[in-house]
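The values are calculated or read from the model by the stated rules, or taken from the named source; none is laboratory data. Predicted, not measured: the structure shown is a model, and the values here were computed from it. Every residue, glycine among them, receives a Cβ derived from its backbone with ideal geometry; neighbour counts consider all protein chains shown. Areas reflect the complete protein model, heavy atoms only, side chains present, ligands, DNA and RNA absent. Shrake-Rupley method; radii C 1.70, N 1.55, O 1.52, S 1.80 Å.
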Amino acid sequence: MKKIALHWKILIGMLLGFLVGYAFTAAGYDQFIKDWIGPFGTIFVRLLKMIAIPLIIASLIKGVSDLEDIAKFSKIGLRTILIYVFTTLIAISIGLALVNIVQPGNHISDETLQELLAENSGTAGAKIENAQKTMNSGPLQPLVDIVPDNIFFAMSKNGLMLQVIFFVILFGVCMILIEKEKAQPLKNIFDALNEIIMKMVDLIMLFAPIGVFALMAKLVAETSRPDLLVALLWYGLTVIVGLALMILFYIMVVYFFTGKSPSFFLKGISPAQLVAFSTSSSAATLPVTMERVEEHLGVDEEISSFVLPVGATINMDGTSLYQAVAAVFICQALGVDLTFGATIMILLTALLASIGSAAVPGAGVIMLIIVLESINFPSELLGTGIAMILAVDRPLDMCRTMVNVTGDATVSMLVAHSTDQLGDPLSRELDDHYKA
Ligand code: ASP
């Protein structure tokens with residue numbers, strides 16, 4: 001019998017989760033879902049997060065120390081950052097163009113606005129407080145935050161991934177700088193560690209369809225006011241159409257620059273996209289993205305081990321597109337005029353905000369507040385603006401995370417192609433369990 005590909009299994013799990021969640025909630029058994037099904041979703045996310053830091057350490061040290069010289073490393077680094085900035089600018093421009101064409105803010109009635117406010121003003125207050133803390137810390141704080149003061153502390157916190165990356169790159173560079181024979185034993189250890197962790201990803205992914213099923217069921221059971229999704233339909237659709245255009249952009253870029261067909265690309269990356277969709281976290285999805293990109297899209301580990309962890313933390317095309325749409329939407333709905341200068345400011349701050357957004361659920365909204373503050377959005381309306389969009393934030397977060405992850409995969413293929421390190425996909429024994 002022909003085996004079902006992994007992405008189909010995950011998709012089926014997702015749909016079943018949605019249906020079961022809906023049916024049980026409608027029958028008044030939402031607590032059952034939360035108590036008995038939801039925890040399996042949490043276990044799946046924890047398993048992924050559990051291996052994220054060891055994976056970054058092992059693969060990045062292997063990647064950097066495999067490089068013949070440091071000049072190559074700076075070449076890869078510079079290319080990566082430039083392409084990341086470029087794709088993010090494209091994303092924000094698509095968002096700004098769409099929101100100005102569709103004008104979703106003009107479809108909101110006063111009545112809906114009041115309802116949205118009543119539902120979400122508490123959460124909005126907490127998010128604003130959070131954003132204010134980030135803003136009060138000075139312009140160079142993000143740079144300071146990259147350097148750890150205690151690497152073991154940084155390694156114990158998934159949120160400090162950039163600090164770990166900083167340390168590990170320095171470590172890898174020093175491995176190149178010392179005598180080859182002296183570095184070799186350690187390099188062998190990291191090579192082995194990397195292989196083992198990649199195998200762990202394979203095993204964890206066998207559990208993905210169940211994990212995703214549980215995550216979706218729990219999400220549906222926890223959605224308190226699905227009717228509000230309809231009230232924000234135009235806004236939601238604008239973001240979703242923008243994100244879809246972004247995926248199209250990636251497919252085209254991959255095709256034109258690397259010659260890889262859309263079906264090859266989508267088949268290779270789709271399990272990571274689906275996990276991103278269900279977890280709303282590019283950090284949690286990172287192990288899956290790395291496995292898919294290396295073993296199914298043919299990107300050399302030397303490239304993926306650097307480009308992907310950095311991308312998961314700083315490259316968020318979906319998030320920046322969403323921030324551009326949301327900022328303009330809020331201004332439209334609350335009657336705040338936007339000058340051309342303010343629109344350019346949104347473009348620039350959304351670029352920085354996407355770099356600063358953490359790769360976890362809901363991080364995009366916090367940085368959106370900073371985008372709004374940068375255009376001198378009236379502070380008395382800030383709470384209203386944020387409360388307005390929170391009702392649909394989770395579904396949009398799911399979609400934008402999917403785009404964030406696809407963007408990272410695209411850039412890794414482009415960089416690998418530019419250095420002649422894009423080959424044929426590997427095939428591992430365990431793949432037989434889920435031919436994809
Ligand atoms: N959830 C997104 C991510 O992890 C960030 C965001 O837009 O909130 O990529």
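Computed from the Kirkwood radius of its Cα pairs, the Stokes-Einstein diffusion coefficient for the stretch 120-247 at 4 °C and 1.567 mPa s stands at 64 µm²/s. For the stretch 211-217, what does the Karplus curve 6.51 cos²θ - 1.76 cosθ + 1.60, with θ = phi - 60°, yield as ³J(HN,Hα) per residue in whole Hz, taken in order and with x for Gly and Pro? 3J(HN,Hα) across the stretch 211-217, in whole Hz: x, 5, 4, 5, 4, 5, 4. Per-residue 3J(HN,Hα) values for the stretch 341-346, derived from phi via the Karplus relation 6.51 cos²θ - 1.76 cosθ + 1.60 with θ = phi - 60°, read x, 5, 5, 5, 4, 4 Hz in sequence order (x marks Gly and Pro).
For the chain, the solvent-accessible area with a 1.4 angstrom probe is 44 square angstrom per residue. Across the stretch 237-381, counting alpha-carbon atoms alone, Rg and Dmax equal 17.0, 52 Å. Output the 0 to 90 degree angle, nearest 10, between the alpha-carbon long axis of helix 282-295 and the longest principal axis computed from the alpha carbons of the chain. Value to nearest ten degrees: 40. Measuring nothing but protein heavy atoms, the accessible surface of the stretch 185-341 at 1.4 Å probe radius is 73 percent carbon and sulfur. Protection proxy ranking for 344-351, 255-262, using the average of other Cβ atoms within 10 Å per residue and placing the highest first: 344-351, 255-262.
Placing dummy labels 7 Å off each Cα toward the beta-carbon, the span from L15 to T419 is 4.1 nm. Between the Cα long axis of helix 161-177 and the first principal axis of the chain there is an angle of about 20°, rounded to the nearest 10. Working from Cα positions, state the angle (0 to 90°, nearest 10) between the long axis of helix 6-26 and the longest principal axis of the chain. Roughly 30 degrees, rounded to the nearest 10.
Roughly to the nearest percent, how much of the accessible area of the stretch 36-112 is carbon and sulfur, given a 1.4 Å probe? Within the stretch 36-112, the accessible surface is 67 percent carbon and sulfur. Put a plus charge on the Cβ of each Lys and Arg, a minus charge on the Cβ of each Asp and Glu, and nothing anywhere else: the dipole of the chain about its Cα centre is then about 540 debye. When the pairs K180/K260; K9/K127; K75/K199 are compared against a 32 Å limit on Cα-Cα distance, K180/K260; K9/K127 fall above it.
Stretching H107 away from L233 to a fully extended chain increases their span by 44.5 nm, per 0.36 nm per residue minus the current alpha-carbon distance.
Both radii are taken from the alpha-carbon atoms of the stretch 306-436; with Rh as the Kirkwood radius, Rg/Rh is 1.11.
The accessible surface of the stretch 357-427, taken with every protein chain in place and a 1.4 Å probe, is 54 percent carbon and sulfur. Need the C-alpha centroid separation for the stretch 379-409 versus the stretch 238-261, integer Å. Taking the Cα centre of the stretch 238-261 as reference, the centre of the stretch 379-409 is 21 Å away. Taking only the alpha carbons of the chain, we obtain Rg and Dmax values of 21.7, 72 Å in that order. Shown in residue order for the stretch 64-77 are the 3J(HN,Hα) couplings computed by the Karplus curve 6.51 cos²θ - 1.76 cosθ + 1.60 at θ = phi - 60°: 5, 6, 6, 5, 6, 8, 6, 4, 5, 5, 5, 4, 4, x Hz (x for Gly and Pro).
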